[in-house]
Amino acid sequence: MRGAKGRNFEEVINTFFAESRERLDDMEASLLELEKNSSDEESLNSVFRAAHTIKGSAGMFGFDDIGNFAHAVENLLGDIRSKKLKYDSGIGALLLECHDFLLKIVNFFDENRQAKIDKQMLEEAVLLRDKMGRYQKRKEHPVAGGGAAGKEAEEEAHRLAGITVDNTGA
């Protein structure tokens with residue numbers, strides 16, 4: 001029975017990754033529609049639903065790095081939907097970058113189920129979170145540097161990015 005349970009869970013996880021990629025395809029198509037018509041609320045809602053669904057599903061299966069980043073994207077989209085922010089070409093470009101990063105980490109965890117993202121991916125997540133924060137007029141994230149202060153700044157950057165990094169160098 002244990003083997004059957006493991007296979008069934010593996011199938012569910014595979015479905016999560018396949019459906020996440022489908023939601024990301026929907027997100028990209030809607031973002032491209034928003035490039036043509038920035039006031040298209042249905043496309044904006046579609047992008048929000050994709051981020052929201054990925055966030056929730058990732059959390060349910062323990063893929064916190066995916067869920068945390070999708071949550072940050074969802075927050076930015078929520079500010080746009082509530083008219084706290086105006087959708088413009090800069091936000092559109094940022095959301096396309098966020099889409100690409102979400103696709104990258106979905107594919108990464110699909111191939112490496114138990115892994116943690118590496119430093120390069122962490123830096124990309126921090127940069128994107130920084131950009132989102134600037135749009136939301138929030139305090140920018142600290143930049144990691146050297147020494148004790150640099151270590152604290154790096155830990156703060158990890159916390160703000162909502163990402164767990166693999167520091168083993170592997």
Residues of region 38-52 that turn out to be touching a helix residue (DSSP H, G or I) at 6+ places or on another chain (Cβ under 7 Å) and among the acidic types (Asp, Glu), as a count: 1
Look at residue 119 and say whether it is basic (Lys, Arg), modelled with pLDDT under 95 and more than 18 Å from the chain's Cα centre (by Cα). no
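The values are calculated or read from the model by the stated rules, or taken from the named source; none is laboratory data. For clarity, every value in this text was computed on a predicted model and none was experimentally measured. Methodologically, a virtual Cβ is constructed for each residue, glycine included, from the backbone with ideal geometry; neighbour enumeration extends over all protein chains shown.
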